[in-house]
1. Step by step: first the residues of region B:36-60, then only those that are within 13 Å of another protein chain (Cβ to nearest Cβ) and not in a loop (DSSP other than H, G, I, E, B), then the one that is farthest from residue B:216 (Cα to Cα). Which residue is that?
2. Given the options B:130, B:135, name the one that is part of a helix (DSSP H, G or I) and either at the interface with chain A (Cβ under 10 Å from one of its Cβ atoms) or loosely packed, with under 14 Cβ neighbours inside 10 Å (or both).
3. Within region B:61-103, can you find the residues that are away from every other protein chain (no Cβ under 11 Å), at pLDDT below 90 and either in contact with a helix residue (DSSP H, G or I) (Cβ under 8 Å, 6 or more places away or on another chain) or crowded, with 23+ Cβ neighbours inside 10 Å (or both)?
4. Quick one: in region A:234-254, of everything that is free of Cβ contacts under 8 Å to residues at least 40 places away in the same chain and farther than 14 Å from residue A:112 by Cα, which residue is surrounded by the most Cβ atoms within 10 Å (Cβ to Cβ)?
5. Here is a list: A:80, A:70, A:54, A:96. Which entry is under 22 Å from residue A:192 (Cβ atoms) and touching a residue at least 60 places away in the same chain (Cβ under 8 Å)?
6. Does region B:197-248 hold any residues that are under 21 Å from residue B:28 (Cβ atoms) and assigned to a loop (DSSP other than H, G, I, E, B), and which are they?
7. (1) in contact (Cβ under 8 Å) with a residue 60 or more places away in the chain; (2) over 25 Å from the mean Cα position of the chain (by Cα): which one isn't true of residue A:184, the others all being true?
8. Those residues that are farther than 17 Å from residue B:199 by Cβ and in contact with a helix residue (DSSP H, G or I) (Cβ under 9 Å, 6 or more places away or on another chain), I need them from region B:230-245; list them, please.
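The values are calculated or read from the model by the stated rules, or taken from the named source; none is laboratory data. These numbers were taken from a predicted model, which means no experiment stands behind them. We place every Cβ from the backbone using ideal geometry, glycine too, and count neighbours over all the protein chains shown.
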């Protein structure tokens, strides 16, 4: 009998811990959203976060997108050749980048670059008592640290996704026209004709959701760090891992919803 | 006046505070001493609301601190943290004037900068330091900047958490003198946590010794050496022999 209890406990404990973490994260997200619509607003910090999350992420997003678009064109061309469908390269590159690869790759790049940096910065502030100092200086850490970062994720990541989509399609265009023999004008026409407004809208919605997840998890794990350098390291690692997994899970859910409509 | 009545706080099975009773009369300087890990910082953070006690009450001028309006309550306090807790991303003057650049005490930027430079001067730092970043300062200078930040908004109550830890004896003496001068000059109520008996003698009007989660002894600093309390005597002597276990 005791072995049954042991087995059930070994299943129940991690499930309970996981649910408790999910509950804490949900409460944290609710608090972040509620502080987002209540004064005071720290505009300087919001602008700084917009620069950090958006502008300084452009190189990594651009490089990721252009190489992915190029590789996608080559894959579709060689795969399509198996059933004489090489001509669909512009359409598949466009829809693949806009609907799926653009948002997901930008989301993962933001998780790697922004989530890690937010988690490490806030966790360091926590272990050096800077968060306590903020409180004693009558400044709410949620408003001063979390709101600017999450807001910039919500605003800037959709823009980065839009830019990533365009650069990815450009990567496919360069490979298609320079290496695979496509006519430049026809390639562009096929791309533009094939993409629908709802593809672009869904891409931007995914971008906003992934930006929210990436920045929120950076703040959450930073604020809940353990002690010392090891705590900061663990908080950063956990933030990136959980952001990446949640982004991929959210992508599946959003794809199911958006394309079922 | 700050009053703690039967304050308890535990972290899991570790009972840190087991019924702390303490009074800090207005305009006096209380120093809390005690070994590492005895809950001195938790006691201080409980008053500020950074840690929530499990039971007991903490009042400021008769008002329960948990029910007070948070902003106006915190506006009455200044705090010097053990490691300075300066914001790395801001230059020194913005650290000092942090409270004056936002919130209910907001002033025009030029005025806030002028006040910050004046407070830096008050703690013995030149105006050239104002535009440096905290990482460019020595430990002693960081402590002084932290002190300037604590007094920038001229609070009624100032807390000092281990103000001389990590400093050489001369710099410790300078910081102790500064704290005493500033507290007297401002007529502020002060609470200091320290292990440093030189600090105690320089800063305190009254002393409280925290041991085993309760206030073991409290009284005027002048009576400290003749208290007759074996715990306090051992702590003052810094001896391994006595009722306080030397290995914790």
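1. So, considering only residues that are within 13 Å of another protein chain (Cβ to nearest Cβ) and not in a loop (DSSP other than H, G, I, E, B), the one farthest from residue B:216 (Cα to Cα) is B:48.
2. B:135
3. B:65
4. Across region A:234-254, the extreme among qualifying residues is A:234.
5. A:70
6. B:204, B:205, B:227, B:229
7. The failed condition is (1).
8. Listed by number, the residues that qualify are B:233, B:239, B:240, B:241, B:242, B:243, B:244.
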